[in-house]
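Participant: Quick one: structure below, then a few questions.
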C-alpha cells in the first residue's frame, strides 16, 4: 500500500486538528438549529470523542445543518459524509481537510429506542424538558438522560459488561445521586452490580420518561407498513454493506479523473478506474443510435447523450450491474462519473438542471458510495474552461441536494482544491474511515510524486 508524506506527525504524537475543522465544530455548536445531545461528553475540539455523538433534532434542523455543511466544504474547512439507511437517522461525519481527524454525529429524527422500540421520541415532544433551551446543542435533565440511555441499552441489547457501558452507568449513578434522584441512582447501581436490567428497572425508567415526554406509539398498521416499505427500499436500493465500487463525480474541471487515477496508482486496495461513459457508449444499441439517429438530429456527442437521457441512464444502470458481476471482487473499483450525471443536462450553460426523467433514479441503478469533488470556480478555470460560474455553482448545489437529502444514501462531499499529493492522501484516509480501503498509517514516508516517479 502506498504511503504519503504530506503533513504527518511521528507515531504516537498527538496531531492538533486544523483550524478549519475546529471552526466547523464551533459552527455546529452555535448554528441556527436545535438538537438534544442524548449522552456522552459535550462536543469539544480539545477532547474529540472516540464514539459517535447522538443528537435528536427535527427534520428542519437536520436539513439546515446539511446545507451549512456544503458551505463549509466549499470554503475548504472540511469534508463531510452523509449516510442514511432509513428516515429515522442520518449519519453525518465531519473530516478535517487532511483526513486525520473525524467526528461522527447520528442525527435522529425519530428515536425508536423506547419501550423496546415500540414507541419513539422526537425533538418537538422533548424540547420543553431541556435545561439549556437557548443553546444549539441542548441536554436533558440528568434523570431523563439516564433513563433514555437505559432504554437505549434495552432496545439495542447492548452488552452491559463492557467497560464503556459500565463507566457511563457509574457516571449517571453519581450524577443522579448528586441531584437527589436517589431511587434512580439505586436502580442504576443495581444494574451495575448485576449487569442486568430487570423488568422493574425497565418499567421505572420508562415511567420517568413518560411523565415528562409524550412518546407516540409505533404499533399502528400504517406505522408498521411504512417501516416495512422503508426496509424493502434499503434492501433493494441502498448501498451494499460490502463496498466494491465507488463513483467519483464533479463538474468538468473538478479534478475527479486525476484524483481517481492517482489513487489507483498509489493505493493497493484500489483495483482500477473505469470511465462511467463506457457503461453505455460501448453497447451495441448505443452505437446503432449514433449511426442511424444522431445524423438526423445534427447534434454533437454530449448533446445527443442529453437527448437520449432516459435510455442512457437505463443502459448505464445495466452496464454497471454487469460490470459489478464481472469485476474483481477483492478490490475496489473507482467509477469516473456517477449514474445520476447521465440525467443532468445543459451542464455547460448558466442553468444546468436534471432531466424530467430524474424519477428513474428512484427505481433503477445500483446505489454505490459517491465521492463528489467540490472545487472553487477559479481552480476549475485553471483546469478546464468548459463551465460557467453560475453553472458550476448550480451543479454542486443540485448534486449535494440530490445525494445528501435522499434516503438511502452514502455520499461524500470532498473539497479538491488542494495540491494533488495532499488531496490523494486525504481521500485515502476518508475512504479508510468509510471501510472502503485500509486506513493508511499515521507515519508516512514518501509523497505521491515519488511513487509516480518510481512507477515511471
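Participant: Anything in the stretch 114-131 that is within 23 Å of the chain's Cα centre (by Cα) and assigned to a helix (DSSP H, G or I)? List them, or say none.
Facilitator: Across the stretch 114-131, the qualifying residue is only 123.
Participant: Can you tell me how many residues in the stretch 349-363 are out of contact with any strand residue (DSSP E or B) (no Cβ under 7 Å at 6 or more places or on another chain) and surrounded by 15 or more Cβ atoms within 10 Å (Cβ to Cβ)?
Facilitator: Result for the stretch 349-363: 4.
Participant: Go through the stretch 283-305 and count every residue that is surrounded by 12 or more Cβ atoms within 10 Å (Cβ to Cβ) and under 30 Å from residue 331 (Cα atoms).
Facilitator: 2
Conditions (1) surrounded by fewer than 15 Cβ atoms within 10 Å (Cβ to Cβ); (2) at pLDDT 95 or above, marked per residue:
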{"residue": "2", "(1), (2)": "no, no"}
{"residue": "5", "(1), (2)": "no, no"}
{"residue": "11", "(1), (2)": "yes, no"}
{"residue": "16", "(1), (2)": "yes, no"}
{"residue": "19", "(1), (2)": "yes, no"}
{"residue": "22", "(1), (2)": "no, no"}
{"residue": "35", "(1), (2)": "no, yes"}
{"residue": "39", "(1), (2)": "no, no"}
{"residue": "43", "(1), (2)": "no, no"}
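Participant: Looking at (1) over 17 Å from the mean Cα position of the chain (by Cα); (2) modelled with pLDDT of 95 or more; (3) surrounded by 14 or more Cβ atoms within 10 Å (Cβ to Cβ), which one does residue 67 not meet, given that it meets all the others?
Facilitator: Looking at each condition in turn, residue 67 falls short on (1).
Participant: Is it the case that residue 136 is farther than 30 Å from residue 64 by Cα and at pLDDT 90 or above?
Facilitator: On the way: farther than 30 Å from residue 64 by Cα: no; at pLDDT 90 or above: yes.
It is false that residue 136 is farther than 30 Å from residue 64 by Cα and at pLDDT 90 or above.
Participant: Has the stretch 383-398 got at least one residue that is in contact (Cβ under 8 Å) with a residue 60 or more places away in the chain, under 22 Å from residue 89 (Cβ atoms), touching a helix residue (DSSP H, G or I) at 6+ places or on another chain (Cβ under 9 Å) and assigned to a loop (DSSP other than H, G, I, E, B)?
Facilitator: Going through the stretch 383-398, the residues in contact (Cβ under 8 Å) with a residue 60 or more places away in the chain turn out to be 383-387, 391-392, 395-397.
Then keep just the ones that are under 22 Å from residue 89 (Cβ atoms); that gives none.
The answer is no, given that none of the residues of the stretch 383-398 is in contact (Cβ under 8 Å) with a residue 60 or more places away in the chain, under 22 Å from residue 89 (Cβ atoms), touching a helix residue (DSSP H, G or I) at 6+ places or on another chain (Cβ under 9 Å) and assigned to a loop (DSSP other than H, G, I, E, B).
Participant: Take the stretch 14-43 and flag every residue that is out of contact with any strand residue (DSSP E or B) (no Cβ under 8 Å at 6 or more places or on another chain), in a loop (DSSP other than H, G, I, E, B) and within 28 Å of residue 110 (Cβ to Cβ). Step through it out loud before you land on a result.
Facilitator: Going residue by residue through the stretch 14-43, those that are out of contact with any strand residue (DSSP E or B) (no Cβ under 8 Å at 6 or more places or on another chain) are 14-16, 19, 22-23, 26-27, 30-32, 41.
Add one more test, that the residue is in a loop (DSSP other than H, G, I, E, B), and what stays is 14-16, 30-32, 41.
Hits for the stretch 14-43 are 30, 31, 32, 41.
Participant: Find the residue count for the stretch 266-278, including only residues that are in contact with a helix residue (DSSP H, G or I) (Cβ under 6 Å, 6 or more places away or on another chain) and in a helix (DSSP H, G or I).
Facilitator: Residues that pass the stated criteria total 1.
Participant: For a quick check of your reading: which helices (runs of 4 or more DSSP H) sit entirely within the stretch 279-368 and have at least 1 residues that are in the same structural domain as residue 255 (by TED's automatic domain parsing), touching a helix residue (DSSP H, G or I) at 6+ places or on another chain (Cβ under 8 Å) and within 17 Å of residue 249 (Cβ to Cβ)? Steps first, answer last, please.
Facilitator: Working: elements: 284-292, 294-297, 301-307, 309-326.
Per the criteria, 301-307, 309-326.
Table: residues versus (1) in a helix (DSSP H, G or I); (2) more than 15 Å from residue 39 (Cα to Cα); (3) touching a strand residue (DSSP E or B) at 6+ places or on another chain (Cβ under 8 Å).
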residue	(1), (2), (3)
153	yes, no, no
165	yes, no, no
168	yes, no, no
180	no, yes, no
189	yes, yes, no
200	yes, yes, no
206	yes, yes, yes
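Participant: Can I ask one more? Residue pairs, Cβ under 6 Å, 6 or more apart or interchain, first in the stretch 344-363 and modelled with pLDDT under 90, second part of a loop (DSSP other than H, G, I, E, B). List them.
Facilitator: Listed by first residue and then by second, the contacts come to 348/386; 348/387.
Participant: Another one. Could you identify the single residue in 332, 273, 267, 312 that is without any contact (Cβ under 8 Å) to a residue 60 or more places away in the chain, at negative phi and surrounded by 15 or more Cβ atoms within 10 Å (Cβ to Cβ)?
Facilitator: On the way: 332 fails: without any contact (Cβ under 8 Å) to a residue 60 or more places away in the chain; 273 fails: without any contact (Cβ under 8 Å) to a residue 60 or more places away in the chain; 267 fails: without any contact (Cβ under 8 Å) to a residue 60 or more places away in the chain.
Only one candidate passes the filter, namely 312.
The values are calculated or read from the model by the stated rules, or taken from the named source; none is laboratory data. Note that the structure is a prediction, hence the values are computed from the model and not measured. Every residue, glycine among them, receives a Cβ derived from its backbone with ideal geometry; neighbour counts consider all protein chains shown.
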